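The values are calculated or read from the model by the stated rules, or taken from the named source; none is laboratory data. Since we're looking at a predicted model, the values are computed, not measured. Glycine gets a Cβ as well: all are built from the backbone with ideal geometry, and neighbour counts include every protein chain shown.
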Amino acid sequence: MTRLERLLPRLSELGVDAFLVSGVENIRYLSGYTGHAAHALVTPHGASLITDYRYAEVAQEDCTDFEVVIRDRATTTLPAQIAQLLDRSQAKRVAFESEFTTVAQLEGLRAGLPQRGLEPCAGVVEALRYVKDATEIACLRRAAALADEALAGLLRDVVRVGVSEREIALDLEYRLQRSGSEGLSFETILLSGPRSSLPHGAPGERRLAAGDFVLFDFGAKISGYGSDMTRTVVVGEPDERQRAVYDTVLRAQQAALDVIAPGVTGAVPYIAAREVIDASPFAEFAGEGLGHGVGLFLHEQPLMMGADCEQVLRPGCVVTVEPGIYIPGWGGVRIEDDVEITETGYERITHSPRELICL
Ligand code: ZN
Ligand code: ZN
């Protein structure tokens, strides 16, 4: 069944006869379209991809299951174009993606489609993306492999006392893109020394000093699919507290991995990791959440954010497992891997060593 065919039954469930897709990742997922500035209109009678002359060639090449409509922006507004297509299929009620529609766009749609009911909806295509197919998993595996390779080279050649966070981050990004990553999965987080306690922070001018933690959180991207991995290393010799914090995070991650299996809810690994950190002297410094799905979005379902997470891990889900301890003013440790849920358990798709690396 094509992705489009999987979407169609959702239209009748929503009580609509057309679905306007505006999220660029959702459009890509359904149609294969890799350009920008597009909307997709799906009806039981056919699907159209609306873009303009800048993306005409890309759209024709990418979208085999969609009729490509090139809108003349000088003469036809987007709502007018949509109205024409809806007239053709006699669609009356249209669902639109509330998360990807601005208030101004909605006002335009209301004015341009006065006779039609507009139905906000959210998470419809995202639900189809919950479980990845073989093509998607291959992209994520490739992105994870590029990240492993870049990190190994970086630790070998670049990370040492005196080099700045920014210099290291730029080198990392160059390595990723040179080996085939399309841009970056997200803005690289690269923090050293006490700054490593910022769960998310941008690399700065700080230069590495002996004994620093260095935290790398980054990813590669293949065909729109981004990997997401964190490693924390020490430049030089770690002290006792650094070892203890690192060991706690590693044991927390392993505890979560040990209970990951198809059919369990996200709460189960969350609680397993949390129990390890809660039993340690660092309980008050535990980070929030355990992990998230990865795919066309950096953070997508299932989101393992707490003990009340009821989302079920299914074979084909790809999630991060990323416990962390963040001690303000001292530093932090996060270890993050991407794992594919399989029929029997899980498979780690990021393979960088997890033991504490001392450079
Ligand atoms: Zn990350
Ligand atoms: Zn993550």
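Any residue at all in the stretch 168-183 that is modelled with pLDDT of 95 or more, over 20 Å from residue 319 (Cα atoms), more than 16 Å from ligand 2 (Cβ to nearest atom) and of a type in the set (Val, Ile, Thr)?
Within the stretch 168-183 (the criterion being modelled with pLDDT of 95 or more, over 20 Å from residue 319 (Cα atoms), more than 16 Å from ligand 2 (Cβ to nearest atom) and of a type in the set (Val, Ile, Thr)), the answer is yes, since at least one residue qualifies.
Please enumerate the residues belonging to the stretch 303-334 that are among the β-branched types (Val, Ile, Thr) and over 17 Å from the mean Cα position of the chain (by Cα).
Passing the criteria: 312, 325, 327, 333.
Can you tell me which residues in the stretch 77-128 are hydroxyl-bearing (Ser, Thr, Tyr) and assigned to a helix (DSSP H, G or I)?
89, 98
List the residue pairs whose Cβ atoms are under 6 Å apart, where the first residue sits in the stretch 280-298 and is assigned to a loop (DSSP other than H, G, I, E, B), the second is away from ligand 1 (no atom under 13 Å from the Cβ) and of a type in the set (S, T, N, Q), and the two are 6 or more positions apart or on different chains.
280/248; 282/248
Any residue at all in the stretch 299-307 that's in a helix (DSSP H, G or I), farther than 20 Å from residue 132 by Cβ and more than 16 Å from ligand 1 (Cβ to nearest atom)?
no
Does the stretch 219-240 contain any residue that is outside any strand (DSSP E or B), without any contact (Cβ under 8 Å) to a residue 60 or more places away in the chain and either assigned by TED's automatic domain parsing to the domain that holds residue 159 or not aliphatic (A, V, I, L, M) (or both)? Write out each step before concluding.
Let us first name the residues in the stretch 219-240 that are outside any strand (DSSP E or B), namely 219-220, 223-224, 227-228, 235-240.
Of the ones still in play, those that are also without any contact (Cβ under 8 Å) to a residue 60 or more places away in the chain are 239-240.
Retained after the next criterion (residues that are either assigned by TED's automatic domain parsing to the domain that holds residue 159 or not aliphatic (A, V, I, L, M) (or both)): 239-240.
The answer is yes; a qualifying residue exists.
Look through 74, 40 and report the one residue that is farther than 25 Å from residue 297 by Cβ, out of contact with any Gly (no Cβ under 9 Å at 6 or more places or on another chain), hydrophobic (A, V, I, L, M, F, W, C) and assigned by TED's automatic domain parsing to the domain that holds residue 116.
Numbers: 40 fails: farther than 25 Å from residue 297 by Cβ.
Unique residue meeting the criteria: 74.
Taking the criterion of being hydroxyl-bearing (Ser, Thr, Tyr) and in contact with a helix residue (DSSP H, G or I) (Cβ under 7 Å, 6 or more places away or on another chain), would at least one residue in the stretch 251-269 satisfy it?
No, the stretch 251-269 has no match at all.
Determine if the stretch 332-339 includes at least one residue that is of a type in the set (A, V, I, L, M, F, W, C), more than 14 Å from ligand 1 (Cβ to nearest atom) and out of contact with any Cys (no Cβ under 7 Å at 6 or more places or on another chain).
no
Out of the residues in the stretch 1-48 that are small (Gly, Ala, Ser) and more than 13 Å from residue 59 (Cβ to Cβ), state the one that is nearest to the chain's Cα centre (by Cα).
That would be 23.
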